[in-house]
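Any read-out appearing in this document is the output of simple, stated calculations on the displayed coordinates, not a laboratory observation. Keep in mind that what you see is a predicted model, and the values were worked out from it rather than measured. A quick note on method: Cβ atoms are made from the backbone with ideal geometry, for glycine too, and the neighbour counts reach across all protein chains shown.
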Amino acid sequence: MLEVNGLVTSYGLIKALRNVSLQAEKGKLTCILGPNGAGKSTLLFTIAGILKSDMGSIKFLNKELSKIKTSEIVKEGLVLVPENRLVFPHLSVSENLLAGAYSRFGKKNEVEEDLESMYKRFPILKERYLQEAGTLSGGEQQMLAVARALMARPKLLLMDEPSVGLAPKIVNTIFEIIKTLSDEGISIVLVEQNAVKASAIADHIYLLDQGEITFSGTPDQIEDNDIIKRAYLGDISES
Amino acid sequence: MEFLQTCIDGLLFGSAYSLLALSFSLLFGVMKRINLAFGSTLLLSAVFSLWIDSLFSIGIFGIFFLMIASSALINIYVEKLCFYPHSGKYGATVSMISSFAIWMQLDEMSSFLLPDRTASFPSFLPDSFFLKDLFIRIDQLFLFLIAVFMTSIFFYVLYKTNYGLLLRGVSFDGELAKKLGVNSGKISSFAFAFSGIFGAIAAFLILSTESQVTPFFGFWCTLKGLVAMMLGGIGSLPGAIIGGLFLGLVESNVINYLGAEYRDICTYLILLFILVVKPGGIMGSALLRDERAASERI
């Protein structure tokens with residue numbers, strides 16, 4: 001579904017991504033793990049068109065994305081859930097959701113339907129639909145950020161560290177939500193530092209280190225690979 | 001009775017200040033774009049429309065619509081030149097300074113089109129009537145009604161339409177909006193055009209009640225708009241309305257009781273007083289508090 005080939009992205013002279021290639025398949029949860037500064041967010045930003053790549057290609061449903069704008073990419077069905085559960089703090093919950101559907105503003109009924117289905121999925125958002133999003137708790141804001149992305153009816157969801165900075169209990173909830181979305185057949189590319197939790201739900205895992213893919217395989221294959229397991233995951237059996 | 005009369009005069013004229021302050025507030029407060037060239041934009045649109053009128057005699061309605069259109073276009077020009085290229089972290093300062101340069105450019109163009117320094121501006125319905133003992137100018141009454149009508153349209157667009165929603169989103173967090181794929185350049189141009197339209201309507205109403213236009217009108221607009229906006233509280237749209245009405249009230253009473261030469265002194269004294277006592281303006285402190293509360297949660 002998504003095919004990234006030989007991607008190079010740099011901030012000035014520093015190459016944040018060097019020759020990254022990966023694939024995400026339809027209906028699967030692809031997870032990209034890696035330590036701080038590995039280039040995970042850079043990779044997502046480049047795919048979403050927020051950063052421009054120096055080299056390489058990004059093909060989504062056989063369409064080349066590396067040269068077009070973010071607004072066009074969203075219309076193609078690739079939607080980003082940004083890091084740090086970014087919401088518009090002064091807009092109400094329902095307005096935040098509507099803002100997510102902006103690429104489909106013409107179809108009012110469809111948007112209304114989606115709004116209702118989001119409220120069904122996340123009842124807490126319905127309870128607070130008039131509240132300013134800035135007053136929600138961290139977990140609720142993350143749900144809102146996910147729901148807002150879903151409002152764009154994505155074919156592929158790019159999630160940037162959805163668990164960062166949340167209480168452990170909330171982290172579990174968020175991962176359950178991701179698992180549910182994935183089970184429903186939504187294709188997801190998930191970027192995470194929480195390797196244990198992520199590998200428990202992922203279909204395919206890439207390890208990214210210093211801008212390069214150092215491992216690609218299923219979670220089981222990581223289990224079998226002692227060196228990688230120790231370097232990135234710690235001992236899973238202990239945790 | 002005399003006091004009532006000056007208050008009515010003040011409120012009627014203050015409604016134009018309110019409209020002016022709203023269009024300033026949209027850019028300065030909501031979009032957080034310090035556009036120093038805005039007053040000059042209004043002046044140029046007025047002078048340009050008068051110039052076209054002198055060539056083709058398009059009449060007062062022609063002037064009205066031409067002012068709206070040209071002001072929106074000039075504002076987009078300013079946006080594309082000064083604000084669009086500088087959207088980053090330090091963009092606010094850079095774009096403010098470049099808008100200062102455009103201010104000079106627009107003013108020069110205005111004085112080029114206005115060689116006699118002063119031109120008469122057509123007034124509409126220069127009649128008046130008495131309501132019991134109160135003297136009411138029909139054009140000022142119209143000014144008030146149009147200002148109320150335009151203000152409701154302003155709020156409708158900003159709070160009830162999709163464009164308004166995106167505009168508020170972009171103004172709160174342009175980077176996030178970009179990440180969601182919102183075309184923030186387009187939204188920003190829309191905001192500038194929108195504020196140009198409202199500024200032009202306010203300018204038209206003011207000019208036609210004063211029935212003349214001078215080269216100082218641009219700077220005058222900037223001052224009045226800023227003062228009304230600051231009185232009400234920067235960023236608060238209801239504050240801009242209140243600030244404008246308040247400014248009108250103060251001015252007409254000062255003119256009546258102290259004399260016209262004290263008008264500006266008193267205005268600035270009151271502004272100073274309010275900024276010292278309530279630094280956020282009349283409505284602004286609550287806004288500041290909410291904003292802080294909201295951003296602390298994130």
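Give the percent of DSSP beta bridges with both residues in the protein assembly as shown that are antiparallel, rounded to the nearest 5.
If I count the DSSP bridges inside the protein assembly as shown, around 60 percent turn out antiparallel.
Which cross-chain or sequence-distant (5 or more) residues have an amide H under 5 Å from the amide H of residue A:16, H modelled 1.01 Å from N in plane?
Amide H neighbours of residue A:16, under 5 Å, 5+ apart: A:9, A:10, A:11.
Quickly estimate the mean residue ellipticity at 222 nm for chain B, helices only: each DSSP H run with n ≥ 4 gives -39500 (n - 2.57), and the total goes over all residues, rounded to 500.
Calculated from helices alone, the mean residue ellipticity at 222 nm is -25000 deg cm²/dmol.
Using the structure shown, list the pairs from A:26/A:126; A:52/B:179; A:52/A:179; A:15/A:75; A:169/A:197; A:28/A:59 with a Cα-Cα distance above 23 Å, or answer none.
A:26/A:126; A:52/A:179; A:15/A:75
Evaluate the charge dipole of segment B:83-198 about its Cα centre and quote only its size in Debye, nearest 20, assuming +1 on the Cβ of each Lys and Arg and -1 on the Cβ of each Asp and Glu.
560
Counting only residues 5 or more places away or on other chains, whose amide H sits under 5 Å from the amide H of residue A:55 once H atoms are built in the peptide plane?
A:8
Between the helical axis of A:168-183 and the dominant principal axis of chain A, each derived from Cα atoms, what acute angle in degrees is found, rounded to the nearest 10?
90
Summarise the partner chain shielding of A:88-99 as one whole number: the mean count of Cβ atoms from other chains within 10 Å of each residue's Cβ.
5
Identify, among B:272, B:260, B:181, the residue whose Cα sits farthest towards the positive end of the charge dipole of chain B, taking +1 on the Cβ of Lys and Arg and -1 on the Cβ of Asp and Glu, with the dipole about the Cα centre.
Checking the options against the dipole of chain B, the answer is B:181.
Helix A:138-150 versus the longest principal axis of chain A: what angle, 0 to 90°, nearest 10, using Cα atoms?
90
Return A:18, B:33 ranked ascending by Cβ neighbour count within 10 Å, so the fewest neighbours appear first.
Neighbour counts put them in this order, fewest first: A:18, B:33.
Between residue A:221 and residue A:36, what length comes free when the chain is fully extended (0.36 nm per residue of separation minus the Cα-Cα distance, one decimal in nm)?
My answer for the length gained is 64.3 nm.
Which of B:54, B:95, B:110 ends up with the largest GNM mean-square fluctuation for chain B, with Cα atoms connected below 10 Å?
B:54
Enter the mean number of other protein chain beta carbons within 10 Å of the beta carbon of each residue in B:177-189, as an integer.
Values: counts 4, 6, 14, 19, 18, 7, 7, 2, 2, 1, 1, 0, 0.
Across the residues of B:177-189, the mean count of other-chain Cβ atoms within 10 Å is 6.
Using only C-alpha atoms and all pairs of different ones, pull out the Kirkwood radius for segment A:2-233 in Å with one decimal. Mind dumping the intermediate values first?
Working: mean 1/r = 0.0554 Å⁻¹.
The Cα-based Kirkwood calculation yields 18.0 Å.
What fraction of the DSSP beta bridges in segment A:2-233 is antiparallel, stated in percent and rounded to the nearest 5?
The antiparallel fraction comes to roughly 55 percent.
Which of the DSSP-defined H helices in chain B satisfy a minimum axial length of 18 Å, computed from C-alpha atoms, and a minimum mean Kyte-Doolittle hydropathy of 1.6?
Qualifying helices: B:59-78, B:138-160, B:263-277.
To the nearest Å, what is the center-to-center distance of segment A:32-53 and segment A:121-161, using C-alpha atoms only?
22
What full-extension length gain, to one decimal in nm, is calculated for residue B:159 and residue B:141 as 0.36 nm per residue of separation minus the Cα-Cα distance? Could you put the intermediate results ahead of the total?
Working: separation 18, 0.36 × 18 = 6.48 nm, distance 2.72 nm.
So the extension gain works out to 3.8 nm.
Which is farthest toward the positive dipole end of the protein assembly as shown among A:129, A:56, A:29, measuring Cα position about the Cα centre, with Cβ charges +1 (Lys, Arg) and -1 (Asp, Glu)?
After comparing all options, I get A:56.
Please give the average number of partner chain Cβ atoms lying within 10 Å of the Cβ of each residue in A:45-53, rounded to a whole number. Each step should come with its number before you reach the end.
On the way: counts 1, 0, 0, 4, 3, 4, 0, 0, 0.
Shielding by partners across A:45-53 averages 1.
I'd like the FRET efficiency for residue B:61 and residue A:137, computed as 1/(1 + (r/R0)^6) with the beta carbon distance as r and R0 of 51 Å, rounded to 0.05.
Working: r = 55 Å, r/R0 = 1.08.
With a Förster radius of 51 Å, E is 0.40.
Mind checking the angle between helix A:108-121 and chain A's longest principal axis? C-alpha axes, 0 to 90 degrees, to the nearest 10.
70
Along the principal axes of its C-alpha atoms, what lengths does the protein assembly as shown span, in descending order and rounded to whole Å?
94, 45, 43
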